[in-house]
Amino acid sequence: MANWGLNVIKQYQRLVVFTFGSYTGTRGPGIRWLWPFVNNGSSTADLREVPVPIPRQTSITRDNAPIDIDFFVYMRVIEDRPQDTILNISDFGAAAQALAMTTLRAVVGEMDLDDVLSKRERINSQLQVKLDEVTVNWGVKVTRVEIKEVEPPRDVQDAMNRQLSAERTRRAAVTEAEGERDAEINRAEGERQGAVLRAEGAKQAAILEAQGDREAAILRAEGFSLGMQRINEVAMQADPRTMSLQYFDTLKDIGGSPSTKWIFPMEFTSMLQPFLQGAQATSSGNSEE
């Protein structure tokens, strides 16, 4: 209630003025004068957001499970309708609390226990919408609803605990199996890469060995070719009589063998010819003397 005389109205307040018991207007922040006896019953309305705690309530879900829920309702007086808060409701906080209790039972009664436990945001939004449909007539806006705690029955809580324990055990087993699988994959991948590297090394070694053998064969062939070429060059420069002497030495060796038959190559006679011609020329020179 406002005082007679001067009244200081704060920024978050509105003064609802009555003149001889009838509503005559709303005054904003500032210094406001109220006449004694004339403005009797004038009141101030607070525009700030007000939290209204709702005590724990036991509600029955659609699948007949009792569940305890307590929550908060946040509301504020609509700025341009503070007169409705004074004219239409005597105590909007108490009225909102009673309305929230009955509305909660209606909302929870349309949901299964699992949904109540897992869909708090849905409950919050439904409560806000249903409450706001009524409180708007009081000049009050429900800004939000926040569930504080949801407590299921003891047997349901025990079953949930067992389910959580089983789920944790399952996840641990899955994680362990995935770890073992990853380890096996890593080991197999390591063995595969090792085999590939070993095969690659063996291939390179074989290639190098083959290249070495080829180069050695080439060098041997080149050496043999150079040797034969050198022998041929020396043989081309040798005196035919020197070669004939070599053949005679060979004949001497043959003659020392027990064999009674010898086969001479055709080249042997051609090589003896220069020697015989030389001998014949020497013999002719001696005769002329």
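Points worth noting:
- Hits in segment 1-42 (condition: polar (S, T, N, Q), closer than 20 Å to ARG81 by Cα and at pLDDT below 85): ASN39, SER42
- Taking the listed residues ARG171, ARG144, the one that is surrounded by 10 or more Cβ atoms within 10 Å (Cβ to Cβ), in contact (Cβ under 8 Å) with a residue 60 or more places away in the chain and under 30 Å from LEU117 (Cβ atoms) is ARG144, with no other qualifying.
- Sub-8 Å Cβ pairs linking a first residue in segment 33-45 that is closer than 8 Å to PHE18 by Cα to a second residue that is crowded, with 18+ Cβ neighbours inside 10 Å and aliphatic (A, V, I, L, M), at least 6 apart or interchain, are ASN39/ALA2; ASN39/VAL17; SER42/ALA2; SER42/LEU15; SER42/VAL16; SER42/VAL17; SER42/LEU34, ordered by first then second residue.
- Some residue of segment 145-160 being within 35 Å of the chain's Cα centre (by Cα), within 30 Å of ILE54 (Cα to Cα) and in a helix (DSSP H, G or I): yes
- Residues that are of a type in the set (Asp, Glu) and either within 50 Å of the chain's Cα centre (by Cα) or open to solvent by 40 Å² or more (accessible area, probe 1.4 Å) (or both) within segment 65-88 comprise ASP68, ASP70, GLU79, ASP80, listed in sequence order.
- Residues that are in a strand (DSSP E or B), without any contact (Cβ under 8 Å) to a residue 40 or more places away in the chain and open to solvent by 30 Å² or more (accessible area, probe 1.4 Å), drawn from segment 1-29: LEU6, VAL8, GLN13, THR19, SER22, THR24, ARG27
- Test for VAL107: is it under 30 Å from ARG14 (Cα atoms), open to solvent by less than 50 Å² (accessible area, probe 1.4 Å) and touching a helix residue (DSSP H, G or I) at 6+ places or on another chain (Cβ under 6 Å): no
- Index of the failed condition, ASP91 passing every other in (1) at pLDDT below 90; (2) surrounded by 19 or more Cβ atoms within 10 Å (Cβ to Cβ); (3) under 20 Å from VAL136 (Cα atoms); (4) under 57 Å from the mean Cα position of the chain (by Cα): (2)
The values are calculated or read from the model by the stated rules, or taken from the named source; none is laboratory data. Only a predicted model underlies this, so the values are computations on that prediction, with no experimental measurement involved. With ideal geometry, Cβ positions are generated from the backbone for all residues, glycine too; neighbour counts draw on all protein chains shown. When the accessible area is computed, the model is the full protein with side chains, heavy atoms only, and any ligands, DNA or RNA have been set aside. Shrake-Rupley method; radii C 1.70, N 1.55, O 1.52, S 1.80 Å.
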